[in-house]
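The structure appears right after this line, and notes come after that.
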Amino acid sequence: QVQLVESGGGLVQPGGSLRLSCAVSGKISSIYPITWYREAPGKEREFVANIFSSAGTNFADSVKGRFTIARDNAKNTVYLQMNSLKPEDTAVYYCKTVIRGTIYWGQGTQVTVSS
């Protein structure tokens, strides 16, 4: 059974930083792409960033230049470093992967940006 567990969310002031982690556990023999999404109250879940096994990355325009993504393959963990946070970054952040056609989501971690 594959599980994704996010952590690192919290309350931060505008301009602050947080680092989210997505730990993947289970019988995984390969390195799979990991995608971060977020869902704000009253809004649809939206793409934030992803990272491939080759370490190639993509970012939503709204976070380019502020967020970075990296993976530690030895720990099966992907990190989302969020800098210069804005109130509009407030959301529940989820990580997702697809393994052999099955989609796995984490439970989400709340990020609140407020003064």
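The values are calculated or read from the model by the stated rules, or taken from the named source; none is laboratory data. Everything numeric here is computed off the predicted structure, so don't read it as measured data. Cβ placement follows ideal geometry from the backbone for every residue including glycine, while neighbour counts extend to all protein chains displayed. The accessibility values were calculated without ligands, DNA or RNA, using every heavy atom of the protein model including side chains. Shrake-Rupley method; radii C 1.70, N 1.55, O 1.52, S 1.80 Å.
Observations on the structure shown:
- Residue 88 meets the conditions (1) in contact with a Ser or Thr (Cβ under 7 Å, 6 or more places away or on another chain); (2) modelled with pLDDT of 95 or more in every case but one. The failed one is (1).
- Annotation: residue 107 fulfils all but one of (1) farther than 17 Å from residue 6 by Cβ; (2) open to solvent by 50 Å² or more (accessible area, probe 1.4 Å); (3) of a type outside the set (D, E, K, R); the unmet one is (1).
- Wholly within region 1-102, strands (runs of 3 or more DSSP E) carrying at least 1 residues that are within 23 Å of residue 113 (Cβ to Cβ), out of contact with any Leu (no Cβ under 8 Å at 6 or more places or on another chain) and of a type outside the set (S, T, N, Q): 3-7, 10-12, 34-39, 46-51, 57-59, 67-72, 77-82, 91-99
- In region 35-59, the residues that are over 13 Å from residue 95 (Cβ atoms), among the hydrophobic types (A, V, I, L, M, F, W, C) and under 12 Å from the mean Cα position of the chain (by Cα): 59
- Scanning region 76-89 for residues that are over 13 Å from the mean Cα position of the chain (by Cα) and more than 10 Å from residue 22 (Cα to Cα) yields 83, 84, 85, 86, 87, 88.
- Of the residues examined, residue 18 is one that is under 24 Å from residue 65 (Cα atoms) and buried (at least 19 other Cβ atoms within 10 Å of the Cβ).
- Filtered residues of region 22-61 (kept if touching a residue at least 12 places away in the same chain (Cβ under 8 Å) and acidic (Asp, Glu)): 39, 46
- Residue ID - surrounded by the fewest Cβ atoms within 10 Å (Cβ to Cβ), chosen from residues in region 39-55 that are over 17 Å from residue 111 (Cβ atoms) and among the small types (Gly, Ala, Ser): 54
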